[in-house]
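Beneath this line is the structure, given in structure tokens, with notes to follow.
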Amino acid sequence: MRADCSTAHVDHRFESTLSNPTAVVINVTAVNPTNVGFFTVYPGLTSRPLASDLNWATWETVPNLVVVKLGTDGSINSFGTTDVIVDVMGWYGDNN
């Protein structure tokens, strides 16, 4: 994901084991920040919250594990001031 505001759709390759994913567990890592900053991850199709999921100092590579609810379209949004790497580690949902 790139800085500022981005939307990512979660790939539903796990549909055979989980019929309705509702949240994802992701590892978010800030890379090469040129200034102090923050990063926020939140459900797609919602307003950005006033909280951050990740904070860093200049040139500091910082990871954080985040659980974020999926938006009604299956997406997550992000807002931040540097490049990040996002790895999906797991998910939550119903098995209906």
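Out of the stretch 34-72, which residues are of a type outside the set (A, V, I, L, M) and part of a strand (DSSP E or B)?
Listed by number, the residues that qualify are G37, F38, F39, T40, Y42, P43, N55, W56, P63, N64, K69.
Please verify whether the stretch 20-31 includes one or more residues that are modelled with pLDDT under 80 and surrounded by fewer than 16 Cβ atoms within 10 Å (Cβ to Cβ). Yes, the conditions are met somewhere in the stretch 20-31.
The values are calculated or read from the model by the stated rules, or taken from the named source; none is laboratory data. Model, not experiment: these values are computed from the prediction. Because the Cβ atoms are built from the backbone with ideal geometry, glycine has one as well, and the counts that use them run over all protein chains shown.
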